[in-house]
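Read the structure below first, then the notes.
FYI, it's all coordinate maths here, none of it is from the lab. Please read all numbers here as calculations on a predicted model, not as lab measurements. So basically every Cβ, Gly included, is an ideal-geometry build from the backbone, and we count neighbours across all protein chains shown.
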Amino acid sequence: MSKVRVALLTGSKLPTLGAFILHSGCSLDIYDDLDEFLVKAVSTEFQIIFCDETFLKDENNEDRLLRFIQRSTISKFFLLSERVGYYRIDSRGAFHPDDLSSIKKVITKELEELGVNDLSNTSSDEIVIEIEEETEEEKRSLDVLYEAQNLKKCQNLDDLGKALIKNVNAAIPGKRALVFKYLPNYCSLVVLSGTGSKSISKYNGMGLNFSSAKDFNPKIHLNSVSGVPAFKKIVSQAFHNAEYETFAISVDGVARLIMAVEVKKTEPSYSQIKLLSFLAEEKANHIVIKSQYHKVKIHDELTGFLTKEKFFERMQDEYTRAQRIFLPVSVVVLEIDKFIEIKDNYNLQRVNTLLKMISKIFSENVRHNDYIGRLSDSRFGLLFPHMSYENAIKKVDKLRSAISQTKFFSDMQNDLSMTTSSSLLTYPKFSHTADEGLVALENSLDRNTFTDTTIELSPREGFRPDFVEIELPFSSFKSTKAKKREGEIVLEEPQEQKISIDLDD
């Protein structure tokens, strides 16, 4: 009769819970290192896992452990905390309050299911903990774990897939393996890399296209892709009909990499490949989360415009560039009038739709080299390099007019029309620094009590600009007029008058 296998992480609860586990006739494994536990867990069927809160002080341990729970078939996982009590953690990583007595009932029930009804009353003094020596399989898994350190250096999923293939080749030399990458934008699964034979590289780039599939759901279909005929055909041809297993490396439930390896579940190397896939999934989640964080940090999630910090950085850059080339920079801060009332009268989904519609108007009415930022819920910044004050006023009037003429929520009985107010300045005529300029623009809107208006800022008394906007006589250059073409100055034949360089239109 097999015993219930229990893992206790850190073992600090051994005097209380550990003694009960041993009294109950369970097999108890104690770990103080997560890597050692993972090596054992991929080849051992643990029915119950207990984790001490001190083990989760390392946030990396917590993330890795919760991800392991989500991937494993373990249904009973408990966090033991002297400070807050006992918690059961489900397969989704959610915490549920529990207590020691119910935990003991769980162990007792497990034993009863195995036919153990006579629980021993052995005292803790008589308990002998047998320490098992590492098996050859576990030693090899530790080697695989050590060799897999190169996965941590990967910066993207392509690098991760290729590094994973190298690790598979090191773990089971000569065995064939393919790594597929899922391309969300194309609904496709393509071969990224392979190993095991000289001819396997010809499969790189081959794959499956799900774009025409009805009701395609990547969370469902990719996790069962091993049953798709086209997938089986590619792998069978590459592996010469040898048996294989598939391993999914998922992020948020969607397989981003899928590995097919010439290995059987009954072979010792299977647990090593399983461990590699788990380590790769850890890194894949880190890569995707990092890229999403970087994107969110630079761009506003709802509109896609620059965040206030990045908009200000661009503004500083353009001020510096203007000092070198003696061309103006115009800056506008535009605010939706009565936005608080709009939020009170419409639900969040409607408000977000409104903001997206306004964002589209902005995007369709600026040049490719202009910048747009979302400075707050209802406030936007627009940065116009090389645009004069006069042309900036025209641009703002055009934008405000486009917004006021748009009928928002036309699907409702009472559609919504709205107005905006804006504040405008041009460097070098108003401010010396980007910080000074942006603060003045926002302050002017904060003090504004009117709606549907544009505030044109004037320089303070005695203000001296950093430079004079360049104005050239026609004889100074072969050409005297400049116009915009893909962000470059295009020279034309000289005119018989003196004009200033203008890149506004």
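Of the trypsin sites (Lys or Arg not before Pro) found in segment 237-318, the ones in coil according to DSSP and having at most 15 other Cβ atoms within 10 Å of their Cβ are Lys264, Lys265. Can you pick out the pairs among Lys283/Lys308; Lys360/Lys395; Lys153/Lys181; Lys214/Lys407; Lys214/Lys283 whose Cα atoms lie more than 27 Å from each other? Correct reply: Lys283/Lys308; Lys214/Lys407; Lys214/Lys283. Residues whose amide H falls under 5 Å from that of Tyr31, counting only those 5 or more places apart or on a different chain, are Leu8, Leu9, Thr10, Gly11, with hydrogens built in the peptide plane. Dipole magnitude for segment 222-269: about 140 debye, using +1 per Lys or Arg Cβ and -1 per Asp or Glu Cβ, origin at the Cα centre.
Look at the alpha carbon pairs under 8 Å that are at least 6 residues apart: their mean separation over the length of segment 308-456 gives a relative contact order of 33 percent.
Rounded, prolate or oblate: which fits segment 308-456 when a ≥ b ≥ c are the square roots of the eigenvalues of the alpha-carbon gyration tensor, with rounded for a/c under 1.5 and prolate only if a/b beats b/c? In terms of gyration-tensor shape, prolate.
Based on Cα atoms of segment 185-240, Rg over Rh with Rh as the Kirkwood radius reads 1.00.
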